[in-house]
1. At 1.4 Å probe size, with the rest of the protein present, what percent of the exposed accessible area of the chain is carbon and sulfur atoms?
2. Once Rh is set to the Kirkwood radius over Cα pairs, what Stokes-Einstein translational diffusion coefficient, in µm²/s, holds for the chain at a temperature of 25 °C and a viscosity of 0.890 mPa s?
3. Looking only at 236, 29, 191, which one moves most when the chain is put into a Gaussian network model with springs between Cα atoms under 10 Å?
4. Can you work out the accessible area per residue across the chain, with the rest of the protein chains kept in place, probe 1.4 Å, in square angstrom?
5. Among DSSP bridges having both ends in region 104-261, what percentage is antiparallel? Round to the nearest 5.
6. Would you work out which of 113, 83, 99 lies farthest towards the positive end of the dipole of region 83-197? Charges go on Cβ: Lys and Arg +1, Asp and Glu -1.
7. Principal axis extents for region 49-118, Cα atoms only, whole Å, descending order, please.
8. Could you give the length gained by full extension between residue 241 and residue 136, i.e. 0.36 nm per residue of separation minus their alpha carbon distance, to one decimal place?
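The values are calculated or read from the model by the stated rules, or taken from the named source; none is laboratory data. Remember, predicted model here, so these are calculated numbers, not experimental data. Quick reminder, even Gly has a Cβ in these numbers, built from the backbone with ideal geometry, and neighbours come from all protein chains shown. What goes into the accessible areas is simple: the full protein's heavy atoms, side chains included, and nothing from ligands, DNA or RNA. Shrake-Rupley method; radii C 1.70, N 1.55, O 1.52, S 1.80 Å.
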Amino acid sequence: MTDTMAAGPAWEAAGWERLTARVGRLRLPVWDCTAGLVVGAGAALMVEAGASLREGARLRTEACGLLGGLGPQGAVRRVTHLALTHPHFDHVLGAAAFAGAEVYAAVGVDTVFAAGAEALRADAVAHGLDPAAAAEAADVLVRPRHLVSGEWTLDLGGDGDDGPRVLLANVGPGHTGHDLAVLVSGGGTDPEVVFCGDLVEESGEPQAGPDAVPGRWPAALDRLLDLGGEDALYVPGHGAVVDAAFVRAQRDALARRFGVT
């Protein structure tokens, strides 16, 4: 591996938050939705697609810029994999901007997309997205090709401790009926990173809409904690990065709120 690959992208210079050498994230405007980028030796994973084709295109372009800074021997120049944590508009409507990427989601998301593109469009407009932008994105909504029912290991081209190891885990239901978490293990001294989707929120109270499964939500957070452990960085769908203690406290608050253990 080249020195530039080992060091990872210049996250801060591009306006992204560095989580580890090979993992960064961006808080998108308006809905404060987190998008993540995981850089391997031969592939790159984007977590979430943004709320519109314009946001998706922004993420794609910025990812290409970050990857392009890895030097002439860097094998990856574009986003090759896309993980969608759950089927809400602010996380999925930009997916069509990632042409050629392999798209992953929890099993059942394909059914939601097949039957619910109009509902996604309406929800986006209700939350303030321009109606034309919402309609455009809904018309080209990308259904995930790879559906995760348990756990799925992604190969991003690393070898041993040379690159990040990625595990996709179907940890729901909870925030929705179809919640996917992304665990990134970097090796060496880097902490593990868990992209939680909206199972965890830091910038406000967790939102339980009509597709939530409140009785199962605390158990989903138990699963997140089992995956990441005490020392991981937990990346919420909205808000600042948190630790295991925050996730545990939110789990207990949700259990009290919904009357479950």
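1. Carbon plus sulfur share of accessible area: 51 percent.
2. Approximately 135 µm²/s, per Stokes-Einstein.
3. Comparing 236, 29, 191 in the GNM, the peak value goes to 29.
4. Result: 40 Å² per residue.
5. 65
6. The one lying farthest along the dipole's positive direction is 113.
7. Between the extreme Cα coordinates on each principal axis of region 49-118 lie 44, 23, 16 Å.
8. Numbers: separation 105, 0.36 × 105 = 37.80 nm, distance 3.18 nm.
Taking residue 241 through residue 136 to full extension adds about 34.6 nm, to one decimal.
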